[in-house]
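*Asks:* First, the structure itself, so that you have it in front of you.
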Amino acid sequence: MAVRADLLELGADALAALANVGFVKRAQKDLAAGRTPTLTTLDDGTVEARFAEDGIITRLPSGRTLRDADCNCSASGMCRHRVMLALAYQARFGAEGGEDGERWTPAEFDDAALAASLSPSVLAQAFDLARAHPVVDVELPAGAPPAARLPMASVVFYARHALAHARCDCAQGGGCAHVALAVWAFRQAEDILGADVRRATVEVRPPQTRTQTRTQTEALTRSESARALITRVDALLRGLWLEGAAQPLLALDARLQAARADAQTLGWHWVDDALDELEQLLHALHARGSRFDPLRLIGVVAELWARLAAACRFDQSEAPRLPARHVLGVGVKGETPLDRLRLVSLGANLWADEAGTDAAAEGADLLFADPDTQTVMVLQRQWPRTAGAAPSARTRRVAGVPLHQLAAGQVLTASASRRANGVLEIGGTARKTGVLPLSPAAWDALSEPLRQRSIAALTHHLTAQSPEFTRPRHVAGMVNVLAPGVLTLLDWRWDAAAQVLHASLQDDEAAPVMRLALPHRAAAPHAVDALARALAGEWGALRAVAGPVRLLAGEAQMLPLALITEQRAIVPQTEAPPPQAQALPQGSNAPPQGWHARVDATLQWLAHLLRQGLRHQAGDLTRQFREQSERLAGAGLTQSAQSLRAVDENWRAGRDHLPGLLASVILHLQEMARGG
């Protein structure tokens, strides 16, 4: 009798992903209480479990996943008996559970395995999808199962010996065309980069046409419509730099909408998404909203130009580092219905426009992670704001639940969809959505690269990221969970001038430092107090923190949106008012030193130029360019100094290269600001 290796590989996390956490815990409890089923392996490999106490019989055929098992209980879908069958089998024959740490790749699944696990119609659908050459990110992380991030779904492979146990977050849940695409992507990554590849981006081709041809990719940026869009975006960016972002929106809306329409027609999803963010930032600027960030504005303007320029260059290369369609977002599906989900909150970010402005609004971005696929999603809500009314997003209801409860909870839903940029939508049917509190152990199911176990590992992860303009866009940016187990507070201080609470953390390794920075906002007036109480140890030692993170002067800096302590989870921006104000140690944040100070000052100055426009600057602009160039040169940044002088010469001469020159300067300075 052959032992079912596929069942031995399914650890608790895999079973939770294929069934759910509740069934796993219930099954473990029943087995611990001695309610073990009688197991029989039939001649065809089917495992049969008989439960004496209630007469239930569950059968799991070979090569099939748990949801394909036959069970005569009253459950309409997944049930605890299926999970108990797997756990009882492991208890009898010895579970592997992936604990040996051996890495493997789904490229090992051959065509016979695909044909055995997937129906002919599903394989035909996969071939149709592959003919569009979708771009797939493949990951082989240490200590976690292999995963593939497709434009329309994410696939995780939980068993080396059974393709049936691959989990897809699409509405089908598995056994779908996305699984075949993921396998082909791993094969092609191995063909191109070798067997030792751990992370790669590949343009999937149907297996019989895996030799790439240049014909189709050249059409991406060389067609007449593509060149027209590139010209339109260049003119839009040039107009922004010359006339300023503060110019009347009426002068910009028509250009923005025309560019977005062209990008949507071409299917350049990431270009359209960047234009959408640019539009939101411009509206936030005019509404004097807390969402506006001048440095983010120059970042998006630089990204737009660089993304188009990179796509053109990759199109012309015989061996591009990335496919042009990956940079442009070609083939990305607008919205994907999702399978049943367990979402773990990573916190919330509240915002509000200044009351009394035209179309003033307030809103919230709630961040969630799917432990099954390690995918970050953002639930966004917005409400009109009336003059004289204080921001009240915390008390609003979302999906039938108070926002503060949802922001500090775990969501179970069977009515959700996800856009390509990570925006989550949960249907309004209360019967299909439930919310549980976020427990101190809620993030334990998260793994790399989302969850990092040390500050050193997080810093290395951020350093290894490719430039933002080459990556798929995500509405939350780079979000990570730092969970080393113990975090030591080195110092913290309230910068009254900047209205920001700063803190410095170390972990057990006591090597690098991570900085926290939480600004005070009227939309979340008690957030600073909540963070201060957590840092002061009111709820026990700090164990983990989550939020958008970036490198600044070689150190990780995070906007803390959620924290886990020994006693509870804290979401600062949705916490209730404290019984009394927390005493804060006073002191300003140490400004960048040396050449970092020059880089920071130049980026701030460029943000001011973009806001006002080159044509509307007070004083001698040429002198300002010269002085900024001299400061950079004095700090040893000769390349940036030369680029600034070229910008001044270009715009005064009325040449057409202004957006590209400024984008190059900004991107170079941003990369310098990241370095240590």
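The values are calculated or read from the model by the stated rules, or taken from the named source; none is laboratory data. Note that the coordinates shown come from a computational prediction; the quantities given were computed from them, not determined experimentally. When we count neighbours, we look across all protein chains shown, and the Cβ atoms used for this are built from the backbone with ideal geometry, even at glycine.
*Asks:* Scan region 441-490 residue by residue and report those that are β-branched (Val, Ile, Thr), buried (at least 21 other Cβ atoms within 10 Å of the Cβ) and either under 26 Å from ALA16 (Cα atoms) or touching a helix residue (DSSP H, G or I) at 6+ places or on another chain (Cβ under 9 Å) (or both).
*Replies:* VAL479, VAL481
*Asks:* Do we find that ALA88 is in a helix (DSSP H, G or I) and in contact with a Pro (Cβ under 6 Å, 6 or more places away or on another chain) in this structure?
*Replies:* Judged against the criteria, ALA88 is a match.
*Asks:* Moving on to the next point. Check off (1) in contact (Cβ under 8 Å) with a residue 12 or more places away in the chain; (2) closer than 30 Å to GLU538 by Cβ; (3) surrounded by fewer than 18 Cβ atoms within 10 Å (Cβ to Cβ) for GLN580 and give me the number that stays unchecked.
*Replies:* Condition not satisfied by GLN580: (1).
*Asks:* Still on this model: Confirm whether THR433 is in contact with a strand residue (DSSP E or B) (Cβ under 6 Å, 6 or more places away or on another chain), free of Cβ contacts under 8 Å to residues at least 40 places away in the same chain and more than 14 Å from ALA348 (Cβ to Cβ).
*Replies:* yes
*Asks:* Kindly indicate whether ASP491 is assigned to a loop (DSSP other than H, G, I, E, B) and more than 24 Å from LEU403 (Cα to Cα).
*Replies:* Spelling it out, it is not the case that ASP491 is assigned to a loop (DSSP other than H, G, I, E, B) and more than 24 Å from LEU403 (Cα to Cα).
*Asks:* Exactly one condition in (1) surrounded by 17 or more Cβ atoms within 10 Å (Cβ to Cβ); (2) outside any helix (DSSP H, G or I) is false for PRO248; which is it?
*Replies:* PRO248 satisfies all of (1) surrounded by 17 or more Cβ atoms within 10 Å (Cβ to Cβ); (2) outside any helix (DSSP H, G or I) except (1).
*Asks:* Out of the residues in region 55-83 that are of a type outside the set (A, V, I, L, M, F, W, C) and part of a helix (DSSP H, G or I), which is surrounded by the fewest Cβ atoms within 10 Å (Cβ to Cβ)?
*Replies:* Applying the filter and picking the extreme gives ASP68.
*Asks:* Right, another one. If only one of VAL24, VAL47 is under 31 Å from the mean Cα position of the chain (by Cα), surrounded by 15 or more Cβ atoms within 10 Å (Cβ to Cβ) and either of a type in the set (Val, Ile, Thr) or not assigned by TED's automatic domain parsing to the domain that holds ALA142 (or both), which one is it?
*Replies:* One residue alone meets the criteria, VAL24.
*Asks:* Still on this structure: If the Cβ limit is 6 Å and pairs must be 6+ apart or interchain, which residue in region 506-534 that is free of Cβ contacts under 8 Å to residues at least 60 places away in the same chain and surrounded by fewer than 17 Cβ atoms within 10 Å (Cβ to Cβ) pairs with which residue that is assigned to a strand (DSSP E or B) and of a type in the set (A, V, I, L, M, F, W, C)?
*Replies:* If the second residue must be assigned to a strand (DSSP E or B) and of a type in the set (A, V, I, L, M, F, W, C), the pairs left are PRO519/VAL500.
*Asks:* While we're on this one: Looking at (1) within 19 Å of HIS460 (Cα to Cα); (2) not in a loop (DSSP other than H, G, I, E, B), can you tell me which one ALA511 breaks?
*Replies:* For ALA511, the failing item is (2).
*Asks:* For SER417, only one of the following conditions fails: (1) surrounded by 19 or more Cβ atoms within 10 Å (Cβ to Cβ); (2) at pLDDT below 95; (3) not hydrophobic (A, V, I, L, M, F, W, C). What is its number?
*Replies:* (1)
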